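Colleague: First the structure, then my questions, so here it is.
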Amino acid sequence: MAKILGIESSCDETAAAVIVDGVLKSNIISSQASIHAQYGGVMPEIASRLHVENIGVVLKEAIAQSGVTYEELDAIAVTRGPGLIGSLHVGLQAAKTLALLYKKPLIPVHHLAGHIYANEFVGEFHYPLLALVVSGGNTEIVYMKEPLSFEIIGETKDDAVGECFDKVARVLGLPYPGGLPIDRLGQEGKDTYPLPEPLKGQKTYDFSYSGLKTGVLNLVNHLKEKSEEIRLNDLCRSFEEKALTPLVEKTMKAAKEYKVRQVIIAGGVSANTLLRAKIKEAAMKRNLEVLIPPLWCTTDNAAMIAKVGEKLYSEKLFAPLTLGVDPNWLLKDFRSF
Ligand code: KG4
């Protein structure tokens, strides 16, 4: 048990959180989403600059709310990647500076390990388990034989599923990020439009989303050419069915092959209403335990980084205070993937 400060800045959220003996004491997030929405996607240069502006304020608030001082912390955990390099850099420099100043161990954390372990705020993990990690940049099935052990058994060969939601939303004239508007419209629609089924019939646990994205684009162009009305609700639902069904089917198939006890979902797309319902139903049918994160855990935050930091700290998996001597230490595996 320990007092851990977590820092996250991998994309467009600047976040800091403090965990004390397993209890989340503060969780501050400054989101840049409304600014990037004007451009239809995250602008890396703007994201980095906003992190620079916000990191100090977010840290100050997270520490103040936690009731813990920097001196009292046991360690500082920070997202080491994956993410936008300029954005990551801001959080990493803040974390390194604090670690040097207050002489605290620094713990680099893989962003997706954070998304997976965010689920531990709401339930216990029962190993071996499978994590379906679905976000704007990732689509992976991860086998976890034991705590902090990550084996990717399937992944996307091209676009990530969240990226596909965002691109399809753009084609349909919906705002960025496109996941939530498609989710809402799809709830009112029916699966009536023909769309390609990515990698159908292939035996691997891999995914592909570029064909589906092009399929929606071709369909929309075709309907426009014929001046046919586009039933947005139905098109969103049809797209969701094709995008989400392989995620659920392949996860269930892998669950059987790997004989896991539990299935969990993580990342931004795990907020999707249809995906949550499908995974729950499929798991229940197979008598599998399933952990569905609350919505606050599906978006980027630093609580999840502090959570993994706490685990690595308890296993003494952190860097010594020799920052700068070995520039590669931040990339060291520390059992994350
Ligand atoms: O985890 P996240 O913030 O991305 C990365 O760190 O990569 O997830 C963002 C992604 C976006 O692509 C967004 O459209 C998608 O998650 N998303 C959703 C929903 N809410 C967010 N996708 C489908 N349904 C949703 N309800």
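Colleague: Restricting the search to region 272-292, which residues are within 16 Å of the ligand (Cβ to nearest atom) and open to solvent by 30 Å² or more (accessible area, probe 1.4 Å)?
Modeller: Within region 272-292, T273, R276, A277, K278, K280, I292 qualify.
Quick grid of which residues meet (1) of a type outside the set (V, I, T); (2) modelled with pLDDT of 95 or more; (3) within 16 Å of the ligand (Cβ to nearest atom); (4) more than 14 Å from L84 (Cβ to Cβ):
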position: T14; (1), (2), (3), (4): no, yes, yes, no
position: N27; (1), (2), (3), (4): yes, yes, yes, yes
position: I35; (1), (2), (3), (4): no, no, yes, yes
position: G40; (1), (2), (3), (4): yes, no, yes, yes
position: N54; (1), (2), (3), (4): yes, yes, no, yes
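Colleague: Confirm whether I182 is modelled with pLDDT under 95 and outside any loop (DSSP other than H, G, I, E, B). Full working, then the answer.
Modeller: Working: modelled with pLDDT under 95: no; outside any loop (DSSP other than H, G, I, E, B): yes.
No: the conditions fail for I182.
Colleague: If H36 satisfies all but one of (1) open to solvent by 60 Å² or more (accessible area, probe 1.4 Å); (2) farther than 18 Å from G267 by Cα, what's the number of the condition it fails?
Modeller: Only one criterion in (1) open to solvent by 60 Å² or more (accessible area, probe 1.4 Å); (2) farther than 18 Å from G267 by Cα is unmet by H36, namely (1).
Colleague: Further, regarding this structure: Quick one: V260 ticks every box in (1) farther than 26 Å from S210 by Cβ; (2) surrounded by fewer than 19 Cβ atoms within 10 Å (Cβ to Cβ) except a single one, so which number is it?
Modeller: Answer for V260: the failing condition is (2).
Colleague: Looking only at residues that are loosely packed, with under 15 Cβ neighbours inside 10 Å and more than 29 Å from V269 (Cα to Cα) in region 94-127, which one is farthest from the ligand (Cβ to nearest atom)?
Modeller: K103
Colleague: In region 139-161, is there at least one residue being open to solvent by less than 10 Å² (accessible area, probe 1.4 Å), outside any strand (DSSP E or B), within 16 Å of the ligand (Cβ to nearest atom) and in contact with a helix residue (DSSP H, G or I) (Cβ under 9 Å, 6 or more places away or on another chain)?
Modeller: Within region 139-161, one or more residues are open to solvent by less than 10 Å² (accessible area, probe 1.4 Å), outside any strand (DSSP E or B), within 16 Å of the ligand (Cβ to nearest atom) and in contact with a helix residue (DSSP H, G or I) (Cβ under 9 Å, 6 or more places away or on another chain).
Colleague: Somewhere in region 235-255, is a residue outside any helix (DSSP H, G or I) and more than 28 Å from K145 (Cα to Cα)?
Modeller: For region 235-255, residues outside any helix (DSSP H, G or I) and more than 28 Å from K145 (Cα to Cα): absent.
Colleague: If you don't mind, another one. Would you pick out the residues in region 180-226 that are within 16 Å of the ligand (Cβ to nearest atom), open to solvent by less than 20 Å² (accessible area, probe 1.4 Å), under 18 Å from E163 (Cβ atoms) and not hydrophobic (A, V, I, L, M, F, W, C)?
Modeller: Within region 180-226, D183, G186, Y209 meet the criteria.
The values are calculated or read from the model by the stated rules, or taken from the named source; none is laboratory data. A quick note: this is a predicted structure, and the numbers were derived from the prediction, not measured. We place every Cβ from the backbone using ideal geometry, glycine too, and count neighbours over all the protein chains shown. Side chains are part of the model used for accessible areas, which takes the heavy atoms of the whole protein and leaves out ligands, DNA and RNA. Shrake-Rupley method; radii C 1.70, N 1.55, O 1.52, S 1.80 Å.
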